[in-house]
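Before any comments, here is the structure.
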Amino acid sequence: NAGVTQTPKFRILKIGQSMTLQCTQDMNHNYMYWYRQDPGMGLKLIYYSVGAGITDKGEVPNGYNVSRSTTEDFPLRLELAAPSQTSVYFCASSYSASASGANVLTFGAGSRLTVL
Amino acid sequence: QKEVEQDPGPLSVPEGAIVSLNCTYSNSAFQYFMWYRQYSRKGPELLMYTYSSGNKEDGRFTAQVDKSSKYISLFIRDSQPSDSATYLCASSYGANSKLTFGKGITLSVRP
């Protein structure tokens with residue numbers, strides 16, 4: 001049981017390049033999320049999805065796009081990378097009907113992106 | 001005002017100390033309160049959560065919520081070097097709603 005898997009772990013991009021951060025989960029969770037974490041700034045929600053085919057913007061969606069064609073996968077696309085997108089990106093998933101009632105997120109290990 | 005504010009860090013304590021980590025929140029509709037622990041270069045993992053007011057204990061960790069003052073606390077007894085990590089508080093309205101995170105505080109426990 002791998003949980004939430006993110007690739008790549010590290011990436012350096014040049015300004016204006018594009019790339020996709022991959023995220024897959026094997027827990028059959030219906031909710032999935034992308035966060036970015038900057039030093040001293042906590043976690044900021046970029047996009048989230050409540051199920052296959054459904055996505056919605058979070059707090060900081062500009063410069064990013066997502067898709068959710070399957071329950072397992074939730075890739076994050078960066079178009080025209082900018083230095084402001086230098087950050088650590090975390091994918092997470094959760095199960096909407098957990099017995100506890102709490103929205104417990106399982107996070108991936110993160111993808112560290114530098115834009116130069 | 002940010003919805004969840006967390007005491008700034010970093011915090012350094014000697015091994016065996018009692019640690020108190022605190023957050024405040026502004027939205028009285030929040031019902032779930034969580035603490036995530038994040039080791040260096042890893043993803044956050046849930047440490048514990050509470051629903052509404054009250055205390056919850058798990059080993060050396062106690063989470064406390066005071067809804068009247070909108071205060072969230074995490075207490076660590078007999079702190080260990082393995083407790084050195086960043087601790088993030090988070091709150092949400094309901095069972096399936098998005099979490100609002102604090103900025104996190106980095107704790108270092110000195111041997």
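The values are calculated or read from the model by the stated rules, or taken from the named source; none is laboratory data. The structure presented is a predicted model; accordingly, all values stated were derived computationally and were not measured. Methodologically, a virtual Cβ is constructed for each residue, glycine included, from the backbone with ideal geometry; neighbour enumeration extends over all protein chains shown. SASA here: full protein model, heavy atoms, side chains in, ligands and nucleic acids out. Shrake-Rupley method; radii C 1.70, N 1.55, O 1.52, S 1.80 Å.
With a requirement of 3 or more residues that are open to solvent by 30 Å² or more (accessible area, probe 1.4 Å), the strands (runs of 3 or more DSSP E) lying completely within region A:51-96 that satisfy it span A:54-57.
Each residue in region B:32-79 was checked for being assigned to a loop (DSSP other than H, G, I, E, B), buried (at least 19 other Cβ atoms within 10 Å of the Cβ) and touching a residue at least 12 places away in the same chain (Cβ under 8 Å), and 2 of them qualify. Here B:Glu3 qualifies as closer than 16 Å to B:Lys98 by Cα, among the acidic types (Asp, Glu) and open to solvent by 50 Å² or more (accessible area, probe 1.4 Å).
Is there a residue in region A:66-75 that is in contact (Cβ under 8 Å) with a residue 12 or more places away in the chain, on the phi > 0 side of the Ramachandran plot and not acidic (Asp, Glu)?
no
Based on what the data block shows, is B:Ser97 surrounded by fewer than 15 Cβ atoms within 10 Å (Cβ to Cβ), among the hydroxyl-bearing types (Ser, Thr, Tyr) and within 29 Å of A:Trp34 (Cβ to Cβ)? For B:Ser97, the condition - surrounded by fewer than 15 Cβ atoms within 10 Å (Cβ to Cβ), among the hydroxyl-bearing types (Ser, Thr, Tyr) and within 29 Å of A:Trp34 (Cβ to Cβ) - is met.
Of the residues making up region A:15-72, those that are over 10 Å from the mean Cα position of the chain (by Cα) and among the hydrophobic types (A, V, I, L, M, F, W, C) are A:Ile15, A:Met19, A:Met27, A:Met41, A:Leu43, A:Val50, A:Ala52, A:Ile54, A:Val60.
Assess whether A:Gly51 counts as being within 14 Å of chain B (Cβ to nearest Cβ), modelled with pLDDT under 95 and over 23 Å from B:Tyr36 (Cα atoms). So A:Gly51 passes the test. For region A:1-26, how many residues meet the condition of being open to solvent by less than 50 Å² (accessible area, probe 1.4 Å), in a loop (DSSP other than H, G, I, E, B) and in contact with a Ser or Thr (Cβ under 7 Å, 6 or more places away or on another chain)? Summing the residues that are open to solvent by less than 50 Å² (accessible area, probe 1.4 Å), in a loop (DSSP other than H, G, I, E, B) and in contact with a Ser or Thr (Cβ under 7 Å, 6 or more places away or on another chain) in region A:1-26 gives 2. Take the conditions (1) more than 9 Å from chain B (Cβ to nearest Cβ); (2) open to solvent by less than 30 Å² (accessible area, probe 1.4 Å); (3) part of a loop (DSSP other than H, G, I, E, B); A:Ala102 misses just one of them, which is (1). For A:Gly110, work out the one condition from (1) open to solvent by 40 Å² or more (accessible area, probe 1.4 Å); (2) at positive phi; (3) not charged (D, E, K, R) it doesn't fulfil. It fails just one condition, (1).
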